[in-house]
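For reference, the structure is listed below as structure tokens.
The values are calculated or read from the model by the stated rules, or taken from the named source; none is laboratory data. All figures in this text were calculated on a predicted structure; none of them were measured in a lab. Using ideal geometry, Cβ is built from the backbone for each residue, glycine included, and neighbour counts are taken over all protein chains shown.
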Amino acid sequence: MNDLKLKALISLIDDPDKEIFEHVEQSLINWGPEVIPYLEDFWKSSFDPLSQSRIENIIHNIQFDQLLTDIQLWAIHKQQDLLDGLIIINRYQYPNLDETAIHLQIGELRRTVWMELMYEMSPFEKIKLLNNILFKEFGLSGNTSDYHTPQNSYISSVLESKKGNPISLSCIYSIIAQKLDIPIYGINLPKHFIAAYVENIDQSPLFYINVFNKGQIMKHEDIYSFLNQLNLPHEQKYTEPCRNLDILKRVLRNLITAYNNLGETVKKDEISLLLKVLNEFD
């Protein structure tokens, strides 16, 4: 499709005939992300609210289709890269965000910790250092005033506001730790996502970390007591590191709940489609 044909197709967006518009809409969606700059140019030159609304919906549908593809490819090829998966989810709310900024922020936090990290440090000393840099100096904290807001699940928003929910904070904490060869991984604890220091992959975690509570150290007994309160068995899936796939699925479930609480049905349904893609890899 050359420029002239594409522009001619876009010019039919404001056609009052429903069938013609639906044909134009589907053709543009099928064409994919390459048409978005043309649509944006048409939006800028149009003063018709209907045309602008239609363009916005078409762009969103194109971007969402790409998102479905991206998250499927992540599940197939890149499950080991948690940050990449979180950025894909972030793209749902912020499709035009410069994702380099996220990598730069994570990289800067890693460097800040690295400057003070010493080889001979004990696991507890490493956690103390991480806590000092991330919570005291950078200012990360749990968003207790707006716990269920969707923004708590988008990594760019968490890094900007410095407030998040247990899973987003635990993800940032573990991503930075792992980049420094500090073996911290996510624990898919019911009702409250935490992290753990796993010195030996063949053994139980050395201890647990409540990242939402500024990196509080927790013992095995604390986890068992929490499970007892929930009337849940002491199963390995609650006490051992979980897969990145499970982390992303939980992030999506949090978003589904958040959008459902806000009455944003369309967003809830779209996030449910992303979750459906990941569920196929169980």
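How many residues does region 90-115 contain that are of a type outside the set (Ser, Thr, Tyr) and within 14 Å of LEU159 (Cβ to Cβ)?
The qualifying residues number 15.
Can you say whether SER225 is of a type outside the set (Val, Ile, Thr), free of Cβ contacts under 8 Å to residues at least 60 places away in the same chain and closer than 22 Å to GLU125 by Cβ, as far as the supplied structure shows?
no
Within region 1-38, can you find the residues that are in contact (Cβ under 8 Å) with a residue 40 or more places away in the chain and over 34 Å from the mean Cα position of the chain (by Cα)?
ASP14
Please go through region 130-150 and pick out each residue that is in a helix (DSSP H, G or I), touching a helix residue (DSSP H, G or I) at 6+ places or on another chain (Cβ under 6 Å) and without any contact (Cβ under 8 Å) to a residue 40 or more places away in the chain.
ILE133
Quick grid of which residues meet (1) modelled with pLDDT of 95 or more; (2) farther than 14 Å from ASN254 by Cα:
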{"residue": "GLU120", "(1), (2)": "no, yes"}
{"residue": "LEU129", "(1), (2)": "yes, yes"}
{"residue": "ASN132", "(1), (2)": "yes, yes"}
{"residue": "PHE135", "(1), (2)": "yes, yes"}
{"residue": "LEU140", "(1), (2)": "yes, yes"}
{"residue": "PRO150", "(1), (2)": "yes, no"}
{"residue": "SER156", "(1), (2)": "yes, yes"}
{"residue": "SER168", "(1), (2)": "yes, no"}
{"residue": "ILE172", "(1), (2)": "yes, yes"}
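I need a count of the residues in region 97-114 that are among the acidic types (Asp, Glu) and within 13 Å of ILE172 (Cβ to Cβ).
1
Identify the single condition in (1) over 24 Å from ASP81 (Cβ atoms); (2) buried (at least 18 other Cβ atoms within 10 Å of the Cβ); (3) touching a strand residue (DSSP E or B) at 6+ places or on another chain (Cβ under 8 Å) that ASN213 does not satisfy, given that it satisfies every other one.
It fails just one condition, (2).
Kindly evaluate THR265 against the criterion of being among the polar types (S, T, N, Q), touching a Lys or Arg at 6+ places or on another chain (Cβ under 9 Å) and surrounded by fewer than 19 Cβ atoms within 10 Å (Cβ to Cβ).
no
Would you call ASP41 of a type outside the set (Val, Ile, Thr), surrounded by 12 or more Cβ atoms within 10 Å (Cβ to Cβ) and free of Cβ contacts under 8 Å to residues at least 40 places away in the same chain?
yes
Checking the structure you have, find out if any residue of region 48-57 is touching a Cys at 6+ places or on another chain (Cβ under 9 Å), surrounded by 13 or more Cβ atoms within 10 Å (Cβ to Cβ) and in contact (Cβ under 8 Å) with a residue 12 or more places away in the chain.
No, that holds for no residue.
Please find, among SER122, SER156, the residue that is hydroxyl-bearing (Ser, Thr, Tyr) and touching a residue at least 60 places away in the same chain (Cβ under 8 Å).
SER156
Return the total of residues in region 191-211 being in contact with a Leu (Cβ under 6 Å, 6 or more places away or on another chain) and within 24 Å of PHE138 (Cα to Cα).
Selection size over region 191-211: 2.
Looking only at helices (runs of 4 or more DSSP H) that lie completely in region 158-271, which have at least 3 residues being at positive phi?
No helices (runs of 4 or more DSSP H) qualify here.
Could you please find all residues in region 167-210 being acidic (Asp, Glu) and surrounded by 23 or more Cβ atoms within 10 Å (Cβ to Cβ)?
Matches in region 167-210: none.
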